[in-house]
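*Asks:* Right, I'll just put the structure down here and ask away after.
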Amino acid sequence: MKKHVIYILILFLMGSCQPELSGPIGEPFNKLEEIQGDWKLVKVVQHDPISEKLNLKLYQMDISERLPDLFQNITAKFSLSENGEATNFEFNIGDAPFYVDTVGTWKFDDNQFPTKVLLTHPDSLTITSSLDLGSVPQPGMPIKLKFNRIHNDEIILTYIYEFVKL
């Protein structure tokens, strides 16, 4: 009998636990509208998952810091149509290495809860590049776009491009 009382007491205490919100969630916003416009590259991080698996110290590096002249003038532009749908994009990269399409059309994988920016080159009818969203476009916040270089179905390098809105 004593065990049953303890079990009931434990269940009662567990059921009375409620998570507490720590501030307002915020107003909903349109992610398409937030990514629309001109962006400037402020940081490029190269991540090497193979070195990380081998427990090597240098598996991630801010290459924009090491090569500032190469990355200082890179910009991106994402356009929307008059009815608010994704249309064209353009990356102005200068001489910097950039492994995705630099012009074409774009779209999110999901307009409500985007996790990827999908790019299509003008000469193609299918998606030609995919960038993971490291952060959802939010008012006043930078965006991070991640590109995975793949060889034999394995990620060999990841580039994390951080842009701020102009």
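The values are calculated or read from the model by the stated rules, or taken from the named source; none is laboratory data. As the structure is a computational prediction, the values presented were derived from the model and not from experiment. As a convention, Cβ positions derive from the backbone with ideal geometry for all residues, glycine included, and neighbour counts pool all protein chains shown.
*Asks:* Mind checking which pairs have a first residue in the range 140-166 that is closer than 19 Å to Met61 by Cβ and without any contact (Cβ under 8 Å) to a residue 40 or more places away in the chain and a second that is surrounded by fewer than 18 Cβ atoms within 10 Å (Cβ to Cβ) and of a type in the set (Asp, Glu), Cβ under 8 Å, 6 or more apart or different chains?
*Replies:* Short answer, once both residue conditions are applied: Leu145/Asp132; Lys146/Asp132; Asn148/Asp132.
*Asks:* Can you say whether Glu162 is in contact with a Pro (Cβ under 7 Å, 6 or more places away or on another chain), among the charged types (D, E, K, R) and closer than 21 Å to Gly37 by Cβ, as far as the supplied structure shows?
*Replies:* Yes: the conditions hold for Glu162.
*Asks:* OK, next. State the number of residues belonging to the range 132-147 that are more than 18 Å from Ile93 (Cα to Cα) and not in a loop (DSSP other than H, G, I, E, B).
*Replies:* 2
*Asks:* Name the residues in the range 125-140 that are out of contact with any strand residue (DSSP E or B) (no Cβ under 8 Å at 6 or more places or on another chain) and modelled with pLDDT of 90 or more, would you?
*Replies:* Result: Leu125, single match.
*Asks:* Given the conditions (1) exposed (fewer than 13 other Cβ atoms within 10 Å of the Cβ); (2) under 17 Å from Asn148 (Cα atoms); (3) not hydroxyl-bearing (Ser, Thr, Tyr), report the number of the one that Asp69 does not fulfil.
*Replies:* The one condition Asp69 does not meet is (2).
*Asks:* Right, here's the next one. Quickly run through the range 88-106 and pick out the residues that are surrounded by 17 or more Cβ atoms within 10 Å (Cβ to Cβ) and charged (D, E, K, R).
*Replies:* Passing the criteria: only Asp101.
*Asks:* Further, regarding this structure: Does the range 77-126 hold any residues that are more than 17 Å from Gly37 (Cβ to Cβ), hydroxyl-bearing (Ser, Thr, Tyr) and assigned to a strand (DSSP E or B), and which are they?
*Replies:* Thr120 - this is the single residue of the range 77-126 that is more than 17 Å from Gly37 (Cβ to Cβ), hydroxyl-bearing (Ser, Thr, Tyr) and assigned to a strand (DSSP E or B).
*Asks:* Moving on. Among the residues that make up the range 78-92, is at least one of them within 17 Å of the chain's Cα centre (by Cα), modelled with pLDDT of 90 or more, of a type in the set (Gly, Ala, Ser) and under 29 Å from Asp110 (Cα atoms)?
*Replies:* No, every residue in the range 78-92 fails to be within 17 Å of the chain's Cα centre (by Cα), modelled with pLDDT of 90 or more, of a type in the set (Gly, Ala, Ser) and under 29 Å from Asp110 (Cα atoms).
*Asks:* While we're looking at this one, here's another question. Considering each residue of the range 9-52, count those that are modelled with pLDDT of 55 or more and among the small types (Gly, Ala, Ser), and give that number.
*Replies:* Residues that pass the stated criteria total 3.
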